[in-house]
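Working notes, structure below.
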Amino acid sequence: QVQLVESGGGLVQPGGSLRLSCAASVRIFSINAMAWYRQAPGKQRELVAVITGGGSTNYADSVKGRFTISRDNAKKTVYLQMNGLKPEDTAVYYCNKHPTPFASWGPGTQVAVSS
């Protein structure tokens with residue numbers, strides 16, 4: 001059974017930075033494109049960033065130039081470096097496979113951006 005565990009969230013002031021991590025217990029991790037998603041209160045879950053097995057990346061327009069997704073296939077871990085955080089980045093952040101997520105989602109990690 002796939003298990004995804006996100007960590008690294010917290011409360012940060014506008015303009016601050018956080019680094020999220022996602023540990024994945026996936027049998028063959030390296031071939032899967034992985035992504036970070038987020039869900040703000042009262043809103044639908046949205047795609048934030050994608051990284052392919054080969055390391056190609058793509059970002060939502062709202063985070064382009066501020067967020068960086070990366071992966072360590074040996075550790076089966078995906079990262080999201082978030083710089084220049086804005087209040088509108090406040091959400092629960094999840095990682096999962098892309099484009100078809102695993103049925104089982106992790107608990108997510110809460111990111112709150114506020115002064």
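Observations on the model:
- Apportionment of accessible area to carbon and sulfur, the chain, percent (1.4 Å): 49 percent
- Around Thr57: net Lys/Arg minus Asp/Glu count, Cβ-Cβ under 15 Å: +1
- With a cut-off of 13 Å between beta carbons, the residues surrounding Trp105 carry a summed charge of +2, where Lys and Arg count +1 and Asp and Glu -1.
- Net charge of Cβ neighbours under 12 Å - reference Phe29; Lys, Arg +1; Asp, Glu -1: +4
- Per residue, the range 35-111 exposes 50 Å² of accessible surface when a 1.4 Å probe is rolled over the protein heavy atoms with every protein chain present.
- A dipole drawn for the range 1-104 from +1 and -1 charges on Cβ atoms has a positive end, and of Leu20, Gly55, Phe67 the residue lying farthest that way is Gly55.
- Relative contact order of the chain, pairs being alpha-carbon contacts under 8 Å that are 6 or more residues apart, as %: 38 percent
- The convex hull around the C-alpha trace of the chain, projected and averaged over every direction, spans 6.6 square nanometres.
- Distance from the C-alpha centroid of the range 1-79 to that of the range 89-115: 8 Å, rounded to the whole angstrom.
The values are calculated or read from the model by the stated rules, or taken from the named source; none is laboratory data. Owing to the predicted nature of the structure, the values given are computational and were not obtained by experimental measurement. Methodologically, a virtual Cβ is constructed for each residue, glycine included, from the backbone with ideal geometry; neighbour enumeration extends over all protein chains shown. Ligands, DNA and RNA are stripped out before the accessible areas are found, and what is left, the full protein with its side chains, is counted by its heavy atoms. Shrake-Rupley method; radii C 1.70, N 1.55, O 1.52, S 1.80 Å.
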